[in-house]
Amino acid sequence: MAKPGHVSDSQFESEVLKAEVPVLVDFWAPWCGPCLMVEPIVEELADEYGDKVKFVRMNTDDNVN
């Protein structure tokens, strides 16, 4: 399975807002059960649509801004 890239606060503008393709951002936290349940679905979507959409994840505990 394709793994979405990780993005931080400092990268958000360049990697997401200024991306040349649509971006799906998976905001998650290690303690969030529903977030962890969604992870394999996002990976599956990245496998299927990774050539058309950029998939990234942002840990909201590490990036609070």
Whichever residue in segment 29-52 is closer than 18 Å to V7 by Cα, at pLDDT 95 or above and of a type in the set (G, A, S) and, among such residues, is nearest to the chain's Cα centre (by Cα): A46
Residue within segment 53-61 that is assigned to a loop (DSSP other than H, G, I, E, B), surrounded by 12 or more Cβ atoms within 10 Å (Cβ to Cβ), within 9 Å of the chain's Cα centre (by Cα) and not small (G, A, S) present: no
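Do you know which residues across segment 9-28 are of a type outside the set (A, V, I, L, M, F, W, C) and either modelled with pLDDT under 95 or out of contact with any Phe, Trp or Tyr (no Cβ under 8 Å at 6 or more places or on another chain) (or both)?
First, the residues of segment 9-28 that are of a type outside the set (A, V, I, L, M, F, W, C): 9-11, 13-15, 18, 20, 22, 26.
Hits for segment 9-28 are D9, S10, Q11, E13, S14, E15, K18, E20, P22.
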Identity of the residue in segment 22-42, in contact (Cβ under 8 Å) with a residue 12 or more places away in the chain and assigned to a helix (DSSP H, G or I), that ends up surrounded by the fewest Cβ atoms within 10 Å (Cβ to Cβ): P40
Given (1) without any contact (Cβ under 8 Å) to a residue 12 or more places away in the chain; (2) among the β-branched types (V, I, T); (3) touching a Leu at 6+ places or on another chain (Cβ under 7 Å), index of the condition V53 fails: (1)
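The values are calculated or read from the model by the stated rules, or taken from the named source; none is laboratory data. Fair warning: this is a prediction, and the values are worked out from it, not measured in the lab. Every residue, glycine as well, gets a Cβ built from its backbone with ideal geometry; the counts of neighbours run over all protein chains shown.
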